[in-house]
Each structure stands twice: as C-alpha cells, then as structure tokens.
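Down below is the structure, laid out as structure tokens.
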Amino acid sequence: MALASRILSRSRQIYATQAVFSRDNGAFSVRSYAKDASPPAFKGDEMLKEIFLDVKKKYETVLSVFKREKITIDPDDSAAVTQYANVWKIARKEAGLLSDSERIQNTIEVHTRDIPDARTYLLRLQEIRIKNGLLDEIGAEKLMFEALEKVEKEIKKPLLRNDKKNMALLLAEFDKVNKKLGIKKEDLPKMEEELDLKVAKIELAEMKKDVVEAMETQLKREEFKDEKMPDVRTIDIRSFM
C-alpha cells in the first residue's frame with residue numbers, strides 16, 4: 001500500500017503542475033494539461049469534476065504500469081534506482097504526465113511568474129530545489145548569488161527582471177558560471193536523466209522507510225512475534241497493490 005499511496009500522491013503532484021495554474025480572460029485555462037492536448041476552459045463544478053476524473057484516470061494508468069513492472073526497493077542499488085526511474089518513465093508516457101525535470105521546470109514557471117526582481121527569483125528557485133529534496137552538489141547556487149551580487153554592485157541597485165540591459169549582464173555572468181562548472185547546453189538531456197535518477201533514489205529511500213516501519217508495526221502484534229522481518233529487497237510490491 002505504501003507504493004500505491006505514493007503513486008497517488010505523485011500523480012496528483014505531477015498533475016497539479018500541469019493544470020489550472022493560469023488565467024486567461026477571467027477563466028481558468030489548463031497549461032500542458034497533457035503532452036499533446038489542451039482542453040477548453042472550465043468553470044466551477046464542471047472544471048473540478050473534469051479534473052477529478054482526469055486525475056483518477058491518470059492514477060489508474062500509472063498504477064496499472066506498476067502492477068505489471070517489477071521494482072526492487074533498494075535505493076543503494078544503482079540498477080534498482082534505474083529500473084524504478086524507467087518504470088516511472090513508462091507510466092508517465094502512458095498516462096501523459098510530465099517528466100520530473102519538466103514538472104520542476106513547470107513549477108518554477110508557475111511560482112516565479114510574478115516575481116519582479118532577480119534576487120527573489122533565485123531565492124524561490126532555492127526553495128523549490130529544497131522542497132523537491134534535491135542537493136546542490138556542485139555549488140551552482142552560491143555562484144549564481146555571487147554573480148548577482150557582482151552585477152548589483154556594478155549597477156548600484158537591485159536588479160529587476162524586466163531590466164533587459166542589466167539582466168543581460170547577469171546572464172553573461174551565469175554563462176561564466178556554467179563554463180566554470182563545465183555545464184554545456186548539449187549536456188542538458190543527460191542532466192535531466194540524472195535528475196530523474198536522483199528523484200527515483202529519493203522516492204525509493206522513502207518507500208523503503210515506509211515499508212520497514214509497516215513491517216516493524218506488524219511484527220509487534222502477538223500473532224507475528226516469532227516471525228522474522230524479511231529483506232525489503234525481496235518483497236514484490238505488486239502483491240500488495
């Protein structure tokens with residue numbers, strides 16, 4: 001049940017970044033509702049009903065994939081992490097959901113849309129990274145803030161995002177940061193794949209914790225006191241879905 005509840009939670013999270021975050025002419029519109037579709041605007045109860053039914057359909061599609069694809073609950077095994085990430089990739093494709101990198105990018109767009117200045121924008125990016133459980137292993141954030149400090153010191157005022165001239169200065173500094181870190185545009189697909197693996201590892205670790213806690217609780221019951229806790233890696237989660 002730990003996996004099923006996690007799938008439901010993640011399906012809702014992914015879906016939420018795709019739907020009903022923008023307004024056009026007073027009505028809610030759906031951005032990236034599916035990868036290849038954009039339905040008409042909805043109002044009130046009709047919109048909520050359509051969203052509920054679509055979330056239910058996507059959840060059932062994702063669940064059906066996990067019922068047929070075996071995963072190993074071992075966040076320390078790179079092969080198990082890769083397999084889990086691949087199963088999610090299949091599930092997303094069949095359900096028409098965004099990838100983790102696309103979901104985070106969509107979240108960034110939604111939550112930074114109305115931010116006027118560059119500093120608050122970078123702080124919001126930091127919040128989103130932390131909320132998604134991602135580590136800044138290469139120290140990019142620190143270098144980005146240092147680049148902003150340099151530009152603001154040069155222009156002697158806070159940098160606004162609509163200040164095209166001075167934003168160009170910041171972007172030029174960011175290019176230097178990318179060069180220093182060895183980040184190239186052609187490496188982005190590989191970085192997106194690495195992001196998916198990081199998210200998969202985090203989720204497998206959380207799933208392992210949930211399963212271990214559930215088994216420990218079960219073994220405290222009188223009828224199971226003589227039972228030994230099985231190795232989490234040997235459990236076929238499909239049997240509980």
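The values are calculated or read from the model by the stated rules, or taken from the named source; none is laboratory data. Since this is a predicted model, take the numbers as computed values, not measurements. Note: ideal-geometry Cβ built from the backbone for every residue, glycine included; neighbour counts use all protein chains shown. Note: areas computed on protein heavy atoms with side chains; ligands, DNA, RNA excluded. Shrake-Rupley method; radii C 1.70, N 1.55, O 1.52, S 1.80 Å.
Each row is one residue, and each column tells you yes or no for (1) over 22 Å from the mean Cα position of the chain (by Cα); (2) of a type in the set (A, V, I, L, M, F, W, C).
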residue: Ala95; (1), (2): no, yes
residue: Tyr121; (1), (2): no, no
residue: Gly133; (1), (2): no, no
residue: Leu148; (1), (2): yes, yes
residue: Val151; (1), (2): yes, yes
- Message: Anything in region 141-152 that is open to solvent by 90 Å² or more (accessible area, probe 1.4 Å) and of a type outside the set (Asp, Glu)? List them, or say none.
- Response: Lys142, Lys150
- Task: Using the structure shown, decide if Glu102 is out of contact with any Cys (no Cβ under 7 Å at 6 or more places or on another chain) and either modelled with pLDDT of 95 or more or more than 20 Å from Lys201 (Cβ to Cβ) (or both).
- Result: no
- Query: What pairs come up if the first residue lies in region 123-139 and is touching a residue at least 12 places away in the same chain (Cβ under 8 Å) and of a type outside the set (A, V, I, L, M), the second is open to solvent by less than 60 Å² (accessible area, probe 1.4 Å) and assigned to a helix (DSSP H, G or I), and their beta carbons are under 7 Å apart, counting only those six or more places apart or on different chains?
  - Reply: Arg124/Thr112; Gln126/Glu141; Asn132/Ile104; Gly133/Ile202
- Determine which member of the set Gly26, Gly44 is at pLDDT below 55 and over 25 Å from Ile128 (Cα atoms). Gly26
- A careful count of residues in region 213-231 that are modelled with pLDDT of 85 or more, among the acidic types (Asp, Glu) and not in a loop (DSSP other than H, G, I, E, B) gives 2
- Item | Of all residues making up region 113-142, the number that are farther than 30 Å from Ala205 by Cα and modelled with pLDDT under 95 | 2
- Task: From (1) of a type in the set (Val, Ile, Thr); (2) open to solvent by less than 70 Å² (accessible area, probe 1.4 Å); (3) touching a residue at least 40 places away in the same chain (Cβ under 8 Å), pick out the condition that doesn't hold for Ile155.
- Result: (3)
- Message: Can you pull out every residue in region 187-201 that is open to solvent by less than 50 Å² (accessible area, probe 1.4 Å) and not acidic (Asp, Glu)?
- Response: Leu195, Val199, Ala200
- Neighbours by Cβ (under 8 Å, 6+ apart or cross-chain): first from region 191-213, free of Cβ contacts under 8 Å to residues at least 40 places away in the same chain; second among the basic types (Lys, Arg) and open to solvent by 50 Å² or more (accessible area, probe 1.4 Å): none
- So, first residue open to solvent by less than 90 Å² (accessible area, probe 1.4 Å) and among the hydrophobic types (A, V, I, L, M, F, W, C) in region 216-234, second residue at pLDDT below 85 and assigned to a loop (DSSP other than H, G, I, E, B), Cβ within less than 7 Å, six or more apart or across chains; the pairs are Leu219/Glu227; Leu219/Met229
- Message: Being open to solvent by 90 Å² or more (accessible area, probe 1.4 Å), of a type in the set (S, T, N, Q) and outside any strand (DSSP E or B) is true for just one of Asn178, Asn166, Asn162. Which residue is that?
- Response: Asn162
